[in-house]
1. In the set 200, 190, 220, which member is loosely packed, with under 15 Cβ neighbours inside 10 Å and either touching a residue at least 12 places away in the same chain (Cβ under 8 Å) or of a type outside the set (Lys, Arg) (or both)?
2. Here is a list: 219, 239. Which entry is at pLDDT 95 or above, closer than 25 Å to residue 130 by Cβ and among the aliphatic types (A, V, I, L, M)?
3. Quick one: would you say residue 329 is among the charged types (D, E, K, R) and either surrounded by 16 or more Cβ atoms within 10 Å (Cβ to Cβ) or at pLDDT 95 or above (or both)?
4. Which of the residues spanning segment 276-326 are buried (at least 16 other Cβ atoms within 10 Å of the Cβ), outside any helix (DSSP H, G or I) and of a type in the set (S, T, N, Q)?
5. Which condition number does residue 208 fail, the rest of (1) surrounded by 18 or more Cβ atoms within 10 Å (Cβ to Cβ); (2) part of a helix (DSSP H, G or I); (3) modelled with pLDDT of 95 or more being met?
6. Filter segment 82-96 down to the residues that are without any contact (Cβ under 8 Å) to a residue 60 or more places away in the chain and in contact with an Asp or Glu (Cβ under 7 Å, 6 or more places away or on another chain), then identify the one that is surrounded by the most Cβ atoms within 10 Å (Cβ to Cβ).
7. Hey, can you tell me all the residues within segment 224-260 that are within 18 Å of the chain's Cα centre (by Cα) and either assigned to a strand (DSSP E or B) or basic (Lys, Arg) (or both)?
Amino acid sequence: MTQGPFPATRFRRARSSAALRALTCENTLSTGDLIWPVFVRDGVGVQEEVPSMPGVFRRSVDLIAEAAQEAESLGIPAICLFPYTDPALKTEDCAEAWNPENLSNRATRAIKAAAPGIAVMTDVALDPYNINGHDGFVVDGEIVNDDTVEALVKQALSQAEAGADIIGPSDMMDGRIGALRDALEGAGHKNVCLMSYSAKYASAFYGPFRDAVGASGALKGDKATYQMNPANAAEALRLVERDLSEGADMVMVKPGMPYLDICRQVKDAFGAPTYAYQVSGEYAMLKGAALNGWVDGTKVMMESLLAFKRAGCDGILTYFAPEAARLLRQG
């Protein structure tokens, strides 16, 4: 690509007014790009703030349904559910994960009744139900793969029966996408999408999330044997390729902002629907800095979300979703 030398080429010409900046804008953010992660807890009329995530709440099922109605009114297309499970229900066998009446399944049905236009995304992993805090079964200190996959299939089928539109396997077990796709097809859930957490890194940015779902105290050890090494990029592409070949409809990179290079490589390599999760630690940093007056909270929020689009993402899971959507609706 060639261009004339200065002054024939002045890049500032196209920046000189709002109209010209709009005409030359390469990437845009819309409400349709947003997925809102929400935390559901037991009770009625309960809303409690997560201390490490200012402005983010655990809500009882009835208030989750109201949040879905708010999302629908704002043009947010999807909500992603994460349960705050009663510690008394956390066990070695994680059976609450596929209980038809668990929090996630009850919330799915409530959302479908209150806001049928919203797509419900659910999380497939055992950590909210595991007394050990891990995404898979723990046997003699090892997080075992194949037995965990069998449990994840049962969990996903219960979520599909409850009405989930998108199943989000976040566990990072090998072979789970193929097993889930086969099971969903076999049970007649042919239109349920799989958004695979294909490149999920063993990151320190998940801390506030683990507080929100009550997993911090339960976790024994770390997740480095099944989540990705933050030093690796080529491995992420191999994981995405595998998951697409096994039947994933969409793929995700997690965390988001520290891994924008991975988002771009995934989109360029495969052209598949690509998403990023702006995780709890990212949210907490931006929100904390804004509350302390160190940054302009609105501007850094919108700039961070636009960065995902520039990196090739088709959508973003973000706790900022309703706040960002209100701004976008204002024009």
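1. Numbers: 200 fails: loosely packed, with under 15 Cβ neighbours inside 10 Å; 190 fails: either touching a residue at least 12 places away in the same chain (Cβ under 8 Å) or of a type outside the set (Lys, Arg) (or both).
One residue alone meets the criteria, 220.
2. Values: 219 fails: at pLDDT 95 or above.
The match here is 239.
3. Working: among the charged types (D, E, K, R): yes; either surrounded by 16 or more Cβ atoms within 10 Å (Cβ to Cβ) or at pLDDT 95 or above (or both): no.
The answer is no for residue 329.
4. Of everything in segment 276-326, those that are buried (at least 16 other Cβ atoms within 10 Å of the Cβ), outside any helix (DSSP H, G or I) and of a type in the set (S, T, N, Q) turn out to be 278, 318.
5. (3)
6. Looking at the filtered set, the residue picked out is 89.
7. Scanning segment 224-260 gives 228, 250, 251, 252, 253, 254.
Yes/no matrix, rows are residues, columns are (1) free of Cβ contacts under 8 Å to residues at least 60 places away in the same chain; (2) crowded, with 22+ Cβ neighbours inside 10 Å:
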{"site": "172", "(1), (2)": "yes, yes"}
{"site": "175", "(1), (2)": "no, no"}
{"site": "179", "(1), (2)": "yes, no"}
{"site": "186", "(1), (2)": "yes, no"}
{"site": "194", "(1), (2)": "yes, yes"}
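The values are calculated or read from the model by the stated rules, or taken from the named source; none is laboratory data. Every value quoted in this text rests on a predicted model; they were computed, and no experiment measured them. Reconstructed Cβ throughout: ideal geometry from the backbone, glycine too, with neighbour counts over all protein chains shown.
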